[in-house]
Amino acid sequence: MSKTLSAKTCTPCQGGIPPLTQAEATHYLAQTDGWQLLEESTLISRKYSFVDFKGAMDFVIQVSELAENEGHHPDLSFGWGYATVSLQTKKIKGLHENDFIMAAKINKFA
């Protein structure tokens, strides 16, 4: 039995490999509720809602700590009652399994 995405650990990406195809990205996307494929399937993003600014800020702190632990860093923006997380593997200018591992782990915080 294969591990769920949230049970996996991100592996360092040194570049030099192709990004996921749209079909591969769509397969992984089915395992990450609420996320969307954007920019011709080279990025995934999700907006989370919170009751106030502190809830959004606490979420961003959790995501930041996870990113440091996994060595894979999303783009984050937040304000009163919301936080948006976008993931892309910059070294390959597209999506890698790591992006979906992070998405699955981030979903556990919401």
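Relative to one another, the C-alpha centroids of the range 1-72 and the range 81-110 are positioned 2 Å apart. Here the sum of -39500 (n - 2.57) over DSSP H runs of 4 or more residues, divided by the residues of the chain, equals -10500 deg cm²/dmol at 222 nm, to the nearest 500. Placing dummy labels 7 Å off each Cα toward the beta-carbon, the span from ALA30 to GLN62 is 2.8 nm. The three principal axes of the C-alpha atoms in the range 38-82 carry coordinate ranges of 32, 25, 10 Å, sorted with the longest axis first. The H on the amide N of LEU43, modeled in the peptide plane, is under 5 Å from the matching H of LEU38, each at least 5 residues off or on a different chain. In terms of the mean number of neighbouring beta-carbon atoms within 10 Å, the peptides 80-89, 20-29 order highest first as 80-89, 20-29.
Length available on full extension from THR4 to LEU38: 0.36 nm per residue minus the Cα-Cα distance, which gives 9.9 nm. Seen from LEU66, the other residues with C-beta closer than 11 Å to its C-beta sum to a net charge of -1, counting Lys and Arg as +1 and Asp and Glu as -1. Nearest 10 degrees is fine. How inclined is helix 97-107 to the longest principal axis of the chain, computing both from alpha carbons? Roughly 20 degrees between the two axes.
Computed from Cα positions, the angle between helix 53-70 and the longest principal axis of the chain comes to roughly 30 degrees.
Every number here is computed from the coordinates shown, using simple stated rules; none is lab data. The structure presented is a predicted model; accordingly, all values stated were derived computationally and were not measured. For neighbour counting, all protein chains shown are included, and Cβ atoms are generated from backbone atoms with ideal geometry for every residue, glycine included.
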